[in-house]
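**Student:** Mind having a look at this structure? Questions to follow.
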Amino acid sequence: MSANLALYRKYRPQTFAEVVGQEQIVKNLEGAIKEDSVGHAYLFSGSRGTGKTSIARIFGRAIGVHDDDIYEIDAASNGGVDDIRALRDAVHTMPLHSKFKVYIIDEVHMLSKGAFNALLKTLEEPPRHVVFILATTEEGRLPETVVSRCQSFHFKKPIQVILQKFVETVAKKEGYDLAPASSDLIALLGDGSFRDTLGTLQKVLYSSADKKITPEEVEAVLGAPSARAVNDFISAIVERNFEKGVQVLNSVMASSDIKVFLDLVVRKMRFVLLLRFAPAMKNEVRANSSDEDFAFLEKLAKEAIKTLSSKELLVFLGVYTNLRNATIQTLPLELALLSLVEGAQKQPVA
């Protein structure tokens with residue numbers, strides 16, 4: 001694998017057919033083109049790495065715009081009133097090679113108040129040959145007057161199974177073999193972003209000594225919590241063993257992201273419930289688990305009926321709310337475990 005290769009650039013979709021995870025948006029945009037009802041202003045909102053600027057460029061090409069007539073502006077570094085005034089003057093010049101000119105303004109929420117006012121005037125009375133596509137990760141920071149003049153599309157985060165399949169497809173094209181548990185972990189660490197997922201995959205591929213990627217390699221390269229640490233913490237939940245849980249958290253905090261650790265804990269708790277209540281999902285759980293993990297999860301599904309249930313899963317889902325503001329990163333997980341321990345101590349003896 002070339003050291004200069006950027007996977008997120010190599011596998012950036014070039015056509016609507018190559019887009020994954022945003023099928024409804026693609027369908028609506030293709031329908032507008034087919035019906036010859038292309039608007040003059042669009043707003044693409046959603047979290048980072050979900051394909052907003054990629055689809056903006058694809059849309060531009062799909063309406064017949066040459067790459068020379070597609071202009072991408074980063075509002076984070078060109079968000080002043082003078083920048084938008086210059087754009088307002090430029091839009092009146094005719095396209096070089098096309099019927100339209102497309103202006104993609106990325107991170108448009110970074111525009112200054114004066115710049116938004118200048119942009120609004122252009123959005124109200126745009127030249128017929130101009131299409132604006134505004135992209136943002138923070139739609140709530142845009143003036144309502146700007147939003148109301150655009151056709152809005154919200155880009156959703158791709159679900160885990162889509163990202164996992166994407167990882168496996170790219171890895172296979174690059175000549176690598178990923179165990180399902182490896183692609184599952186890489187997709188999880190990508191945190192709902194195609195771009196971040198490819199960046200994560202690239203780190204793993206660069207570090208591989210051969211063409212077969214194991215979950216242990218992924219954990220080592222990315223500093224992800226080990227499967228053993230996750231399992232030990234879940235065992236502490238089942239056993240209502242606070243001391244054991246705190247020891248695991250202390251070891252994890254030294255080298256791993258606590259949020260990622262919580263993600264893995266919650267996912268495995270869910271797997272236990274799937275094995276217990278949805279036997280048809282057994283193959284999916286097996287495919288995304290190592291042999292050791294699967295044996296551990298099956299045992300809990302059968303034996304920990306009273307101490308690992310929906311109640312415990314709900315407790316740890318609630319940790320996410322407090323995790324981002326915690327000055328001691330492990331404290332929300334410690335308190336969640338302690339609440340279960342104290343609850344068990346209050347149970348009357350039979």
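**Student:** For segment 22-155, what does the alpha-carbon gyration tensor say about shape, rounded, prolate or oblate, given a ≥ b ≥ c as the root eigenvalues, a/c under 1.5 as rounded, and a/b over b/c as prolate?
**Tutor:** Oblate shape, in that a/c is at least 1.5 and b/c is the bigger or equal ratio.
**Student:** Connecting C-alpha atoms closer than 10 Å in a GNM of the chain, tell me which of 287, 76, 90 has the biggest fluctuation.
**Tutor:** Highest fluctuation among the options: 90.
**Student:** What order do you get for 168, 303, 125, 334 when you list them from fewest to most C-beta neighbours inside 10 Å?
**Tutor:** Arranged by neighbour count, lowest to highest, 168, 303, 125, 334 become 125, 303, 334, 168.
**Student:** As I understand it, the value is the acute angle between the Cα axis of helix 23-34 and the longest principal axis of the Cα atoms of the chain; what does it come to in degrees, rounded to 10?
**Tutor:** 20
**Student:** Here's another thing I want to ask about it. Quick one: which residues, 5+ away or cross-chain, put their amide H under 5 Å from the amide H of residue 318? H built at 1.01 Å from N.
**Tutor:** The answer is none.
**Student:** What nm value, rounded to one decimal, do you get for the distance between residue 88 and residue 36 when each label is placed 7 Å out toward the C-beta?
**Tutor:** So the label points at residue 88 and residue 36 sit 3.3 nm apart.
**Student:** Let's see if you can work this out: charge +1 on each Lys and Arg Cβ, -1 on each Asp and Glu Cβ, no other charges. What is the dipole magnitude of the chain about its Cα centre, in debye to the nearest 20?
**Tutor:** Around 540 debye, computed over the chain.
**Student:** By the scheme Lys and Arg +1, Asp and Glu -1, what is the net charge of all other residues having a beta-carbon under 13 Å from that of residue 138?
**Tutor:** Around residue 138, the charge tally is 0.
**Student:** Measure nothing fancy, just the Cα-based angle from helix 194-207's long axis to the longest principal axis of the chain, in degrees from 0 to 90, nearest 10.
**Tutor:** The angle comes out at about 60 degrees.
**Student:** Report the Cα-based extents of the chain along its three principal axes, largest first, to the nearest Å.
**Tutor:** On the principal axes, the chain reaches 81, 45, 37 Å in Cα extent.
**Student:** Grab the beta carbon distance between residue 112 and residue 17, set R0 = 45 Å, and tell me the FRET efficiency rounded to 0.05.
**Tutor:** Using R0 = 45 Å, I get an efficiency of 0.70.
**Student:** For residue 134, list long-range residues whose amide hydrogen, built 1.01 Å from N in the peptide plane, is under 5 Å from its own amide hydrogen.
**Tutor:** Correct list: 42, 43, 44, 105.
**Student:** Residue farthest toward the positive end of the dipole of segment 1-92, with Cβ of Lys/Arg at +1 and Asp/Glu at -1: which of 6, 32, 64?
**Tutor:** Going by the charge dipole, the pick is 6.
**Student:** May I pose another question? Please compute the length gained on full extension between residue 291 and residue 174, using 0.36 nm multiplied by the number of residues separating them and subtracting their Cα-Cα distance.
**Tutor:** Length gained between residue 291 and residue 174: 39.5 nm.
**Student:** Then there's this: Quote to one decimal, in nm, the extra length available between residue 152 and residue 139 on full extension: 0.36 nm per residue of separation minus the C-alpha distance between them.
**Tutor:** Gain in length upon complete extension: 3.7 nm.
**Student:** Using Cα springs under 10 Å in a Gaussian network model of the chain, which residue among 304, 171, 17 shows the largest mean-square fluctuation?
**Tutor:** 17
**Student:** Something else about it: Filter the cross-link list 52/268; 156/211; 157/203; 244/282; 165/212 down to pairs whose alpha-carbon distance in this structure exceeds 26 Å.
**Tutor:** The pairs that break the limit, which is 26 Å between Cα atoms, are 52/268; 156/211; 244/282.
**Student:** Can you list the lysines whose alpha carbon is less than 21 Å from that of residue 121, not counting same-chain residues fewer than 8 positions off?
**Tutor:** 101, 113
**Student:** To continue, here is another question. Taking the convex hull of the alpha carbon atoms in segment 184-248, what volume per residue do you get, in Å³?
**Tutor:** So the per-residue Cα hull volume is 96 Å³.
**Student:** Which of the listed residues, 116, 345, 95, is farthest toward the dipole's positive end in the chain, when Lys, Arg count +1 and Asp, Glu count -1 at the beta-carbon?
**Tutor:** Sorting the options by dipole projection puts first 345.
**Student:** On to the next question. At a Förster distance of 51 Å, what's the computed FRET efficiency of residue 305 paired with residue 124, Cβ-Cβ distance as r, to 0.05?
**Tutor:** So the FRET efficiency works out to roughly 0.20.
**Student:** When ranked by the protection proxy of mean other Cβ atoms within 10 Å per residue, highest first, what sequence do the peptides 53-59, 216-222 form?
**Tutor:** With the highest mean Cβ count within 10 Å placed first, the list reads 53-59, 216-222.
Each value in this text was obtained by applying a stated rule to the coordinates, not by laboratory testing. Just so it is clear, the structure is predicted and the values come from calculations on it, not from any experiment. Note that each Cβ is placed from the backbone with ideal geometry, even for glycine, and that neighbours are counted across all protein chains shown.
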